[in-house]
Amino acid sequence: IGKSTLTRELLRELTRLDRPVTLIDAEGAGSAAELSARLGGALTPGQAAPPTLSALTTLIPPHATVMLDGADALDDLPELLRTLRRDLPGVHWVISSRRSPGGVLSPTDLLLPLAGLPQAPPEADLAQIAASSATQLFLREAARTRRDLTLTAANAALIAGITRRLHGHPLALALAASWLRVEP
């Protein structure tokens with residue numbers, strides 16, 4: 001889908017604007033304690049023991065942005081968000097995850113659900129398949145490998161089927177298109 005790519009692009013932009021920002025790789029962190037340790041370790045590199053969550057309030061500047069990338073394994077994400085908002089009220093949080101933290105979003109929060117690109121339905125005709133964003137991305141990526149590949153009546157159903165099976169996920173479409181190097 002591109003969650004990490006989007007997160008890193010935001011990191012580059014905030015850094016370019018000289019804003020205080022910290023990126024934490026939250027991939028695989030299973031608890032708030034483990035994530036807090038990673039955050040503390042990123043803010044105080046080289047210390048033997050990372051600071052506690054309450055000690056982080058002195059380490060994160062007001063109006064800083066903290067990015068938690070890949071917070072999929074956190075079962076207690078809603079509880080963690082409540083604690084972070086209470087203890088670090090001026091901090092902006094960017095959390096990328098494959099699932100939504102239901103029930104903890106405030107009216108000022110922005111939830112940006114990322115999904116696959118629209119795909120043509122199984123009964124689509126050639127024009128509908130050609131208009132599909134997923135098909136267009138697949139063909140654009142395929143052109144990097146096979147310049148002679150074009151959408152035709154003969155291959156439209158196959159290409160539309162590939163985009164549907166991959167749920168229109170951009171990275172999956174790009175990887176599938178790259179297989180044209182070895183598969184006809």
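How much FRET efficiency would the formula 1/(1 + (r/R0)^6) give for T145 and R19, where r is the Cβ-Cβ distance and R0 is 35 Å, rounded to 0.05? Could you put the intermediate results ahead of the total?
Details: r = 39 Å, r/R0 = 1.12.
Efficiency at R0 = 35 Å is approximately 0.35.
Computed from Cα atoms, the angle from the helix 156-165 axis to the main principal axis of the chain rounds to 20 degrees.
For D76, the shell of other residues with beta-carbons less than 12 Å away shows a net charge of -2, using +1 for Lys and Arg and -1 for Asp and Glu. Could you tell me which label, among [x] 31, 18, 13; [y] 46, 15, 12; [z] 42, 17, 14, carries the value of semi-axes √(5λ) of the Cα gyration tensor in Å calculated for this structure? It is the value labelled [z].
Computed from the coordinates by the stated procedures, all read-outs in this text should not be read as laboratory data. What you see is a predicted model; the values in this text were computed from it and never measured. Virtual Cβ from ideal backbone geometry, glycine too; neighbours counted across all protein chains shown.
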